[in-house]
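Engineer: Before I ask anything, let me first share the structure, which is written out below as structure tokens.
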Amino acid sequence: MVTFKFVPYHEVDGLSSAKRVNKLLKIVKEDKIVIMEGRLRRQEEADLIEITMEEISPKFKGIELSVIYPDKDKQDAMQRLKGVFADALLGDRQGLTIIGPASIVKKIESNPDQIELFTKERSKKASRRR
Amino acid sequence: MSSVSHIAHETREIKIKEQVNIKNKRGKELTFSLVDTPGISTKIDYEDFIKKGLKKTEAKKRAKEATKGVIDSIKWLDDMDSVVVVLDATKDPYSQVNITIIGNLQARNIPVLIAANKVDLKKANIEAVKAAFPQYKIVGISAKYGKNVEEFYEQLFALAK
């Protein structure tokens, strides 16, 4: 069984970068796949990789990470303007961030419009989630 | 600077070469310090090294060194004047690691040149790399056969301007 944990943006909005990254990583280390509303800041994404590496052990093998984000090139001027205002008022809550434990998630393939998440085979039958 | 291996994470520590000198076709010289960093990854599993033939203790040691190498690579991003990001042109360029690292360099206003390596292989898709990072200059190279190295040097000159 694969467990997904949804993290709404308001749950991480008020947190410092370190607390935000640690909160997400804590969920992943419980063998759950995080689906977070919005995205981390660029620096926080790098911090997430760095902290993940610090935590690697024989039990925790790391993470798979993917961000799906609206393709701004496909938005018209009004949509882009709305996005700018929404980001300024509410934070960067556009898009989705998916983080899963590498022991469960084999790979996440994303193109701008969809994410495909492949889980590791636990038996002879291939297990694929979409 | 680093050697090639069929086992991942062959480069596990930062290697620095000072006073590297290259010359372009017009005889112009460029001198710089080269910092070769380990590849960045979000996961490292010592069992993968065992599958490649390493013993358990050796595999665990390699995994530990590899994790430290990734941490060091990320820390070094802050200290670079320019960065050459080497991508494997046979793989999907949209990996989140690529996007995160290049995004971080962009946020720090660090000039970036992307070297799409392994263009000697049929599977290489340089157009996909160009489509993924249209804002950057991309040079297809084959480090193994020295293919397109002249063009790579030319772009290094442009990057260092």
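All of the numbers you see were taken from the coordinates with simple rules; none came from a lab. Since the model is a prediction, treat every value here as computed from it, not as a measurement. Every residue, glycine among them, receives a Cβ derived from its backbone with ideal geometry; neighbour counts consider all protein chains shown.
Engineer: I want the local charge near B:Ile114. Using Cβ-Cβ distances under 15 Å, sum +1 for each Lys or Arg and -1 for each Asp or Glu among the other residues. List each step's numbers first, then the result.
Structural biologist: Values: positive: B:Lys91, B:Lys118, B:Lys130, B:Lys137; negative: B:Asp88, B:Asp92, B:Glu127, B:Glu151, B:Glu154.
Taking every other residue near B:Ile114 into account, the sum is -1.
Engineer: Additional query: How much net charge surrounds A:Lys26 when only other residues with a Cβ under 12 Å from its Cβ are counted (Lys, Arg +1; Asp, Glu -1)? Please list the in-between numbers first.
Structural biologist: Details: positive: A:Lys5, A:Lys19, A:Arg20, A:Lys23, A:Lys29, A:Lys32; negative: A:Glu30, A:Asp31, A:Glu55.
Value of the local net charge: +3.
Engineer: Ok, one more. Length gain on complete extension for the stretch B:Lys56 to B:Ala143, per 0.36 nm per residue less the alpha carbon to alpha carbon distance?
Structural biologist: Values: separation 87, 0.36 × 87 = 31.32 nm, distance 3.12 nm.
Roughly 28.2 nm would be gained on extension.
Engineer: Could you compute Rg(Cα) / (2.2 N^0.38 Å) for chain B, with N its residue count? Don't skip to the end; give the middle numbers.
Structural biologist: On the way: Rg = 16.4 Å, N = 161, 2.2 N^0.38 = 15.2 Å.
Rg over 2.2 N^0.38 Å, computed on Cα atoms: 1.08.
Engineer: So what J values fall out for the stretch B:155-160 if you push phi through Karplus, 6.51 cos²θ - 1.76 cosθ + 1.60 with θ = phi - 60°, rounded to Hz, Gly and Pro as x?
Structural biologist: Couplings: 5, 5, 4, 5, 5, 7 Hz.
Engineer: What does the charge count near A:Pro101 come to, summing +1 for each Lys or Arg and -1 for each Asp or Glu among other residues with Cβ under 12 Å from its Cβ? Could you put the intermediate results ahead of the total?
Structural biologist: Details: positive: A:Lys5, A:Lys26, A:Lys29, A:Lys32, A:Lys59, A:Lys61, A:Lys106, A:Lys120, B:Lys43; negative: A:Glu30, A:Asp31, A:Glu55, A:Glu64, B:Asp45.
Computed value for this residue: +4.
Engineer: Right, another one. Could you tell me the center-to-center distance, by alpha carbons, between the stretch B:8-50 and the stretch B:55-132 in angstrom?
Structural biologist: 10
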